[in-house]
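The values are calculated or read from the model by the stated rules, or taken from the named source; none is laboratory data. The structure displayed is predicted, hence computed values, not measured ones. A quick note on method: Cβ atoms are made from the backbone with ideal geometry, for glycine too, and the neighbour counts reach across all protein chains shown. For the accessible areas, the whole protein counts, side chains as well, though only heavy atoms, and no ligand, DNA or RNA atoms are used. Shrake-Rupley method; radii C 1.70, N 1.55, O 1.52, S 1.80 Å.
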Amino acid sequence: DAEKGTLNSGEGFWKGILGGGNLITGAEIGLSDFGISGDANSTSCGNVTGSLTLTANVSTTTTCFTINASNIVLDCAGFTVKGDKGADDYGIANNGYDNVTISNCIISTFVRGIYVYTNADRNNILNNTLTNSTHNIYIDTNSANGTIYNNTFNDNTDTTGVYFNNGDCQHLYAGREI
């Protein structure tokens, strides 16, 4: 698959890159070995390009899920996404895509639990529990017409529940419009 490639001595591409390939012939190397994330699945972090439902808790020392498509749902189904609060680590980062729903997640220990980048409109952040992240939900500039509803923020000393960069026109619903 695209995430892993088997290195055999007959594969000229790998031989050219690895100087003949004889030292690692038959070894399997994943893109993550080089700091490159592959696609996420129901039990691991990575790039999200289609709707996804978790089936297990996941943890990471980097950004866990990177949204790279519009019109999708990331449903954690009550499972935990846990980080180590490393610099620039995000639990879920939407890279500017529209109509994305993030729901039913327990997100803990990131710089930003959920990060919605610039120009991402009509996003829904629903029924999540966020703990111990510097900004639990961070909405960047020019992101509008979204819904943030029924989210819980726990154990958040010196943190922000919801942060709106430059005070953009995001709608926040928590039983009432604020």
Per residue, how large is the accessible surface of region 71-137? Use a 1.4 angstrom probe and give square angstrom.
34
Within region 32-130, percent of DSSP bridges classed antiparallel, to nearest 5
5
Please give the net charge around Thr60, taking every other residue with its beta carbon less than 12 angstrom from that of Thr60, where Lys and Arg add +1 and Asp and Glu add -1.
0
